[in-house]
Amino acid sequence: MSEKKNWMPRWFYQLASPRWSYEIMGKLLPGFAVAAFLFLIAGTVWALLFAPPEAYQGNSYRIIYIHVPSALLAQSCYMMMAIAGAIGLIWKMKVADMVAKSCAPIGATMAVLALATGAIWGKPTWGSWWVWDARLTSMLILLFLYLGVIALYSAIENEAMAAKSAAVLALVGLVNIPIIKYSVDWWNTLHQPATFKLTERPAMVPEMWLPLLVMVIGFYCFFAVSLMMRTRNEILVRERRASWVKELVEKQ
Amino acid sequence: MGRIVTNESANSEASSVLSLFGAVLKRDLMLAYRKKSDLFNPLIFFLMVATLFPLGVSPEPDFLAQIAPGVVWVAALLATLLSMESVFKSDFEDGTLEQTLLSPQPLFVIVLAKVLAHWMMSGLPLTLLAPLLAVMLFLPAEGMSGLMLSLLIGTPTLSLVGAIGAALTVGLRKGGVLISLLVLPLYIPVLIFGTSAVQAAVTGLPLAGFFALLGAILALGLVLAPLAISAALRISVSG
Amino acid sequence: MSTALLHVDKLYCERDDRILFEDLSFAINAGEVIQVEGQNGSGKTTLLRILSGLSNHYEGDIFWKGSLLSTVQDDFRRELLYFGHHPGVKAVLTPEENLHWYAAMHPSIDGKKIAMALEQVGLRGFEDSPCHTLSAGQNRRVSLARLYLTSAKLWILDEPFTAIDKKGVAQKEQLILDHAANGGSVILTTHHELAISEKVRRFNLDELAGT
Amino acid sequence: MNFDSFSDFIAMGGHGFYVWLSYAIALVVVVINIVNPALQKKKIVSDLVRRLRRENKSS
C-alpha cells in the first residue's frame, strides 16, 4: 500500500502529520515573532518619521504604509486559504484543512483594516469617508467572500465536513476573484472617470517605497505568526483524542 | 475495464447521456408542475420587490426610468436566490439525492439537467415577466430588448452559481440566509454587466460587448459550476 | 489479494467524540447474507453508509473485488443497491414514475419489468396514485420494488422491513435468500427476528466498539 | 527626520487625526490577531486538562 505513495517528497507526508506540524511550527514561531516585531517597529518609525512627505497629499499619504500591506495580505491570505483547502480536499490532508480554517479570520481582519484605512485616507483626499473606488469596492467584496467562508465554517458542526465545504466555497471564490476584479474596475471607469487614485502613484522615490517594503515584510511575518498560532490551536482541538496531545497537556 | 472506443460505442454513450439528461430534466419539471407554489412564489416576489421602489423611493417617472435597469436586475437576482434553496432540499430530505449520488451515471450531467430545470422554472419566467416591470418603472422602450436579452443570458449563470450555494447548505437546517451570504458576492459581475447592458441599450450604445461578457461568464459557469456542485453535494450528503 | 466481494481493513470511525468502531476488519464473500447488529447509536447506519460510499469520514481501507473502493467507484456503483433510512421515493410522483426515474439512474435496469415489480410488492392498482396518497408501508414497498428490478450484486439494506407486514417480510426474506443463492451478497440491519436466521452471518458492533 | 518638533509630528501637517487613527486601528487589529489565538490556546488547554481528569477518574 505504501509503495504507490513514494513519488511524493518526504516532507509532504511529514507535513501531513499533525504532530510533526505542531512541533515544527512551535520551533518556527519565536523566530517569526521576533522578525515581525522588528520589521513592524522599524517600518513604522521609518514610515512616520523619516519618509519624506508626498507632494500632493502631504503627510496623509503615510496611511499607505498600513493600507497597502494589509490589502496585499488580505488578497494573498485568500489565495492561501483556497490552495490549502484544495490540498485538504484532494489529498485528505488534515493539517491543510486546519491552515485553511486559520486563514479565514486573519484575512477577514486584514480586509477590514484595508477598508478602514482606505476610508480614513479617503476623507482628506476625496473629502468623503467612502468613495466607490474600484480597489475599495473589490476589497469590500473580498471581505464578503471571507464572511461567507467564516459563516459556512460556523454553520456546519462536523469539522471534517465544514473544512471540505469551506474549501469548495473558497475555490469557487478564487475562480471568481479575477472576474469580480475586472468587472468592478470596468464599472468604476464607467461611473467616475479619472478620479484621484489612492495608491496608483507613479514613480515613488526609494525613500518612500523602502519603508513600504519593510512594512510589507513585517506584515507577512506577523501573518505567519498569527497563522501558526491559530493552526496549532486547531491541531490541538482536532487531535484532542491522540495520545501525544494528552501527554503534551499532562506536562503543562 | 478496457473499453474499446468505436464510433458506435461513442454514439451510444452520447445518446445515453442525452437520455439521462432528458429524464432528469423531465422529472424536475414534472415535480415543479405538480407543486405549483414553488413555481409562482418567486415570480410574485419579483413583482412585489419592483413595486416597493416607487412606493419607497419616488414615483417620479424620470427618476424611475433611471433606476429601472438596476431595480429589475436586483429583483431578478433576489427572486432567483429565493427559489434556490429548494433545488436540492426535497431530494435531500426524501433520500432521492442519496440514490442519485450512488448511481453509476455521471453526476455532472444530472446536476446540469437539474440546474437547467431550475432555470426554466425561475430565470425564464422572470425574463418573460420583466417587460411588465419595465413598463411599471417607465423604462424607455429602447431598453426593452437589452433587458430581455441580458436577463436571458445572465439568469442561467445566477442559477448555476446559486446551485453551488444550495448544494453546500443542503444538509443544514437553516440554509436559507446562508445561501444568500455565500452566493451574493459571486453574483456581482453578472449584476454589473447585466445592468450596464440595459443602460447601454437605453442610451443607444453598442450592446454586443456586454452580451459577449455575459456569455463568457455563462460558458465558464457551465463548465466549472457543475463540478463544484457535484463536489459540494457529495460533501453535504456524507454527514 | 483475497477474492472477497467486499473487504474491509482496519476501519476506524469516530463521531461526536465517540469512537464508533476501530480496527474493524471483515470480508463479505459472494453468496453471503450478513446482519449487522448493535444497540441504537452503535454505528450500524454509519457503517452501512461508509460501505456504500456515501460517507468517507473514516480511516482504514475498503476494497471492492480486490481494488481500493475509491479507485473503482463507478464499477462499484453499478453493482450496488442501497436502501437507506429515507426510502428515496418522491411524494408527488406515482410509484411507476419513481421506479422509472430509478431505472434512468441505473441503465442496466429493464424498464419493462417495472409493472411486474410493482405487482410483486402488492402495489397493483396503485401505479397511478401519487405516493403521498399511499401509506408509509406502501411507500417503503415502492422502494423495495427495486429489489425485483436490480441486477446489482451487493445489496446494502438499512432497516428494510420497517412498516412492512408479516407476509411482505417473509417474501422479502425469500428474495434475499434467492439473491444470495445466485451469488449475490446482502448486508442488512433489522429489528425483526429473521425467519431465515440460520443462513445469516451475524455481526455485532457492540462487541467491537471502543470502550 | 522630517519634523521640526514633536507637536509637528503629532499634527502631521493637519492630517494627524487621519494618520494616527489609521495606525491605531492597525495596532488594534494586529494585537487582536495575536492575543485572540493566545487566549484561545489557554482555553483549549484548560478544557483538555479538565477532560483528561474526568476520563482518568472514570476509568
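The values are calculated or read from the model by the stated rules, or taken from the named source; none is laboratory data. Every value quoted in this text rests on a predicted model; they were computed, and no experiment measured them. Positions of Cβ are generated from backbone atoms using ideal geometry, with glycine treated the same way; all protein chains shown enter the neighbour counts. What goes into the accessible areas is simple: the full protein's heavy atoms, side chains included, and nothing from ligands, DNA or RNA. Shrake-Rupley method; radii C 1.70, N 1.55, O 1.52, S 1.80 Å.
Taking into account only those residues within segment B:216-234 that are touching a residue at least 60 places away in the same chain (Cβ under 8 Å) and under 14 Å from the mean Cα position of the chain (by Cα), which is nearest to the other protein chains (Cβ to nearest Cβ)? My answer is B:I217.
Taking (1) open to solvent by 30 Å² or more (accessible area, probe 1.4 Å); (2) within 14 Å of chain C (Cβ to nearest Cβ); (3) hydrophobic (A, V, I, L, M, F, W, C) in turn, B:F53 satisfies each apart from (2). In this structure, is C:S55 within 22 Å of A:S165 (Cα to Cα), hydroxyl-bearing (S, T, Y) and within 12 Å of chain B (Cβ to nearest Cβ)? The answer is yes for C:S55. Out of segment D:9-29, which residues are in contact with a helix residue (DSSP H, G or I) (Cβ under 6 Å, 6 or more places away or on another chain) and surrounded by 14 or more Cβ atoms within 10 Å (Cβ to Cβ)? D:M12, D:G13, D:H15, D:G16, D:Y18, D:V19, D:L21, D:S22, D:I25, D:A26, D:V29 - these are the residues of segment D:9-29 that are in contact with a helix residue (DSSP H, G or I) (Cβ under 6 Å, 6 or more places away or on another chain) and surrounded by 14 or more Cβ atoms within 10 Å (Cβ to Cβ). Filter segment B:146-163 for residues that are in contact (Cβ under 8 Å) with a residue 24 or more places away in the chain and open to solvent by 10 Å² or more (accessible area, probe 1.4 Å); which is farthest from B:A228 (Cα to Cα)? Only one residue fits best here, namely B:L149.
B:P106 falls short on exactly one of the conditions (1) at negative phi; (2) open to solvent by less than 10 Å² (accessible area, probe 1.4 Å), and that condition is (2).
Give the residue that is farthest from the other protein chains (Cβ to nearest Cβ), with candidates limited to residues of segment A:33-62 that are in contact with a Pro (Cβ under 9 Å, 6 or more places away or on another chain) and under 25 Å from A:P105 (Cβ atoms). For segment A:33-62, the residue satisfying everything is A:G43. The single residue among B:L39, B:L31 that is out of contact with any His (no Cβ under 8 Å at 6 or more places or on another chain), within 14 Å of chain C (Cβ to nearest Cβ) and surrounded by 18 or more Cβ atoms within 10 Å (Cβ to Cβ) turns out to be B:L31. Do we find that B:K89 is touching a residue at least 60 places away in the same chain (Cβ under 8 Å) and basic (K, R) in this structure? Against the criterion (touching a residue at least 60 places away in the same chain (Cβ under 8 Å) and basic (K, R)), B:K89 qualifies. In the condition set (1) part of a helix (DSSP H, G or I); (2) closer than 30 Å to A:A55 by Cβ; (3) more than 8 Å from chain A (Cβ to nearest Cβ), D:L21 is compliant with all but (3).
The set of residues in segment A:132-171 being under 21 Å from A:A86 (Cβ atoms), part of a loop (DSSP other than H, G, I, E, B) and hydrophobic (A, V, I, L, M, F, W, C) consists of A:I156 alone.
Against the numbered list (1) in contact with a helix residue (DSSP H, G or I) (Cβ under 8 Å, 6 or more places away or on another chain); (2) within 12 Å of chain B (Cβ to nearest Cβ), C:V72 comes up short only at (1). Scoring A:W129 on the criteria (1) open to solvent by 10 Å² or more (accessible area, probe 1.4 Å); (2) in a helix (DSSP H, G or I) leaves a single failure, condition (2). Taking B:L126, is it open to solvent by less than 30 Å² (accessible area, probe 1.4 Å) and in contact with a strand residue (DSSP E or B) (Cβ under 6 Å, 6 or more places away or on another chain)? Considered against the rule, which asks whether it is open to solvent by less than 30 Å² (accessible area, probe 1.4 Å) and in contact with a strand residue (DSSP E or B) (Cβ under 6 Å, 6 or more places away or on another chain), B:L126 comes out as no. Taken together, C:S67, C:S135 contain a single residue that is within 13 Å of chain B (Cβ to nearest Cβ) and of a type in the set (G, A, S), which is C:S67. Considering segment B:198-208, and only residues there that are in contact (Cβ under 8 Å) with a residue 60 or more places away in the chain and in a helix (DSSP H, G or I), the residue that is least open to solvent (accessible area, probe 1.4 Å) turns out to be B:V198. Among the candidates D:L27, D:L52, the residue that is within 28 Å of A:F222 (Cα to Cα) and not polar (S, T, N, Q) is uniquely D:L27.
Counting only strands (runs of 3 or more DSSP E) that sit completely within segment C:12-95, those holding 2 or more residues that are surrounded by fewer than 21 Cβ atoms within 10 Å (Cβ to Cβ) correspond to C:18-28, C:33-37, C:59-64.
Any residue at all in segment C:128-150 that's open to solvent by 30 Å² or more (accessible area, probe 1.4 Å), part of a helix (DSSP H, G or I), over 16 Å from C:R77 (Cβ atoms) and acidic (D, E)? So far as segment C:128-150 goes, no, none of its residues is open to solvent by 30 Å² or more (accessible area, probe 1.4 Å), part of a helix (DSSP H, G or I), over 16 Å from C:R77 (Cβ atoms) and acidic (D, E). Counting only helices (runs of 4 or more DSSP H) that sit completely within segment B:67-158, those holding 2 or more residues that are farther than 30 Å from B:R234 by Cβ correspond to B:123-136. Would you mention how many residues in segment A:233-249 are more than 7 Å from chain D (Cβ to nearest Cβ) and either open to solvent by 20 Å² or more (accessible area, probe 1.4 Å) or in contact with a strand residue (DSSP E or B) (Cβ under 9 Å, 6 or more places away or on another chain) (or both)? Final tally of qualifying residues: 9. Condition test on D:K57, is it of a type in the set (K, R), loosely packed, with under 11 Cβ neighbours inside 10 Å and part of a helix (DSSP H, G or I)? Spelling it out, D:K57 is indeed of a type in the set (K, R), loosely packed, with under 11 Cβ neighbours inside 10 Å and part of a helix (DSSP H, G or I). Among residues of segment A:138-153 being within 7 Å of chain B (Cβ to nearest Cβ) and touching a Pro at 6+ places or on another chain (Cβ under 8 Å), the one that is surrounded by the fewest Cβ atoms within 10 Å (Cβ to Cβ) is A:F144. In summary, C:E96 fulfils each of the numbered conditions (1) free of Cβ contacts under 8 Å to residues at least 60 places away in the same chain; (2) closer than 26 Å to B:A32 by Cα; (3) facing chain B (nearest Cβ under 7 Å) with the single exception of condition (3). If you check C:A180, C:A170, C:A195 for being open to solvent by 30 Å² or more (accessible area, probe 1.4 Å), touching a residue at least 24 places away in the same chain (Cβ under 8 Å) and assigned to a helix (DSSP H, G or I), only one passes: C:A170. Condition first: open to solvent by 30 Å² or more (accessible area, probe 1.4 Å), without any contact (Cβ under 8 Å) to a residue 60 or more places away in the chain and not in a helix (DSSP H, G or I). Can you find one or more residues in segment B:175-195 that meet it? Checked segment B:175-195: no residue is open to solvent by 30 Å² or more (accessible area, probe 1.4 Å), without any contact (Cβ under 8 Å) to a residue 60 or more places away in the chain and not in a helix (DSSP H, G or I). Counting only residues that are in contact with a Gly (Cβ under 7 Å, 6 or more places away or on another chain) and open to solvent by 10 Å² or more (accessible area, probe 1.4 Å), segment A:61-93 holds 1 of them.
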